[in-house]
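Contents: one structure, followed by commentary.
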Amino acid sequence: MARSLLIAAALALVSSVTAQCGSGANAKVTGSGSSFTATKGSSTVYTGSDYRAAIQAAVDSISSGQRVSVIASGSIGASTITISSGKIFEGCGTINTASRAGHGAIEVLNASGVQIPHLTMTGSPYFGLRFYGTKDLVLGKITMNLSGGLGIRFDRDQAANTNVKMDVINVTGAGSHALETWNIDGLTINTVIANNVGESGLLLQKTTNAKVGLVDGNNVGAGTGYATLRFANNNGQLSSGAYTTNVVIDKVVSRGGGRGVFCVSQSGGATIGTVDLASNGNNAILIENCYNLRINGGTVNGGGEVRISARDEFPNTKDIWITLKVDNTSVKESPCGENTNWTLSGNGARSIC
Ligand SMILES: *[C@@H]1O[C@H](CO)[C@@H](O)[C@H](O)[C@H]1NC(C)=O
Ligand SMILES: *[C@@H]1O[C@H](CO)[C@@H](O)[C@H](O)[C@H]1NC(C)=O
Ligand SMILES: *[C@@H]1O[C@H](CO)[C@@H](O)[C@H](O)[C@H]1NC(C)=O
Ligand SMILES: *[C@@H]1O[C@H](CO)[C@@H](O)[C@H](O)[C@H]1NC(C)=O
Ligand SMILES: *[C@@H]1O[C@H](CO)[C@@H](O)[C@H](O)[C@H]1NC(C)=O
């Protein structure tokens, strides 16, 4: 209760800050079709047919602490808008995108204090938003209705990120993941919504000290081993090497698609408050070479089995505590984990240690 009140309060705060897209802008992009104008105060900094150039000119015209609002809708094509430290960027119109290999339609690289309170994106970007080396990044209401690509990506082989906050991330139609992180210390997300995405809803990797309210996936990763919520590649392992609990997810909802919850490749240090999983096409829950994971309650109805497993390449699964009602699908633990504690109800068959 205390946590949900806190999250509700945080959400209300972010919502009030982000209430009217376009208000208080220091620079704006207006126009439509093949005619766009970027203004900074009373001066025109771009006029012409190139939507991307208009947006970048507006972004480049503001200084740290100032706000640019893209009122116009248009297409940037296979290109990138870059936002530097301290700038506030709002997409009030709809920004349509195409794929620029290895790049984001919008990038924030090695920058601190950037805020994107509103954004609506369509098209098929390679990455809708791409980040690395960020500090104090804030994302507000981000809505992506895509026809392919990956929604939001924090890079693997680049500088790490600290103190990242997100309000509501809503991704539809990504071919890959809705939201994929690598290398974040300090992450707070209110809600991730993923509908009809090809791989994961929320994929956390090498991310520590994370708090997430709700992850809600519908038809996520169908026909794959990906999941509505996936922890992978040492997620939740602290720099000391320990798996002390530092990743807290309040709730996971998943319908259809591939897996519901998947913890793999030496990840852990996590607590999931409650799950509501049904008809997942692969394992409803798969816990494989995962250390210190608790699922404190919730339900699984149908879909693939709930499974504790392990591969030989990493130390065995350890310290898994699960309280769960499982109906209409089975629960299996093989090989036996170390210090596994099941508190199960429901009608599902069990084969546990
Ligand atoms: C980002 O910062 C890292 C070090 O913090 C540096 O090695 C890298 O070159 C920077 N990249 C860019 C594109 O500035
Ligand atoms: C999402 O985009 C598709 C086209 O790719 C469109 O048919 C659909 O209406 C859009 N949905 C919303 C809610 O805008
Ligand atoms: C998510 O975005 C889609 C448009 O892409 C919209 O139809 C849907 O209502 C949004 N969901 C929420 C919960 O805001
Ligand atoms: C189990 O599945 C059956 C149908 O296959 C359904 O009627 C029943 O409600 C399910 N059990 C629960 C607890 O939902
Ligand atoms: C297993 O978990 C339950 C529920 O959290 C707890 O009550 C019980 O003491 C645990 N068992 C052991 C052996 O630790």
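The values are calculated or read from the model by the stated rules, or taken from the named source; none is laboratory data. Because the structure is predicted, anything quoted here is derived from the model rather than measured. For neighbour counting, all protein chains shown are included, and Cβ atoms are generated from backbone atoms with ideal geometry for every residue, glycine included. Accessible surface is based on the protein model in full, side chains and every heavy atom, while ligands, DNA and RNA are left aside. Shrake-Rupley method; radii C 1.70, N 1.55, O 1.52, S 1.80 Å.
Listed values, structure above:
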item: FRET efficiency, Ser75 to Thr162 (Cβ-Cβ, R0 35 Å, nearest 0.05); result: 0.55
item: With 20 Å bins from 0: P(r) over the chain, alpha-carbon pairs, percent; result: 32, 52, 15, 1
item: Between helix 51-61 and the chain: long-axis angle, C-alpha atoms, 0 to 90°, nearest 10; result: 80 degrees
item: Prolate/oblate/rounded label for the stretch 144-303 (Cα gyration tensor, a/c 1.5); result: oblate
item: FRET efficiency, 1/(1 + (r/R0)^6) with R0 51 Å, evaluated for Ser42 and Cys353 via beta carbons; result: 0.10
item: Gain upon complete extension [Ser345, Ser240; 0.36 nm per residue less C-alpha separation]; result: 34.1 nm
item: For Arg100, residues with placed amide H under 5 Å, excluding near neighbours; result: Tyr126, Phe127
item: Sequence ranges 158-168, 263-273, ranked by mean other-Cβ count within 10 angstrom, highest first; result: 263-273, 158-168
item: Solvent exposure of the stretch 2-351 as accessible area per residue, Å², 1.4 Å probe; result: 36 Å²
item: Calculated FRET value between Asp312 and His103, using beta carbons and R₀ = 35 Å, to 0.05; result: 0.40
item: Gained length - Ser330 relative to Gln20, 0.36 nm times residue gap less alpha-carbon distance; result: 106.8 nm
item: Partners for Lys135 among lysines (Cα-Cα distance below 27 Å; same-chain residues under 8 apart left out); result: Lys28, Lys40, Lys87, Lys165, Lys206, Lys211, Lys251
item: Using alpha-carbon coordinates, inclination of helix 2-17 to the longest axis of the chain, degrees; result: 10 degrees
item: The chain - percent of accessible surface contributed by carbon and sulfur, probe 1.4 Å; result: 48 percent
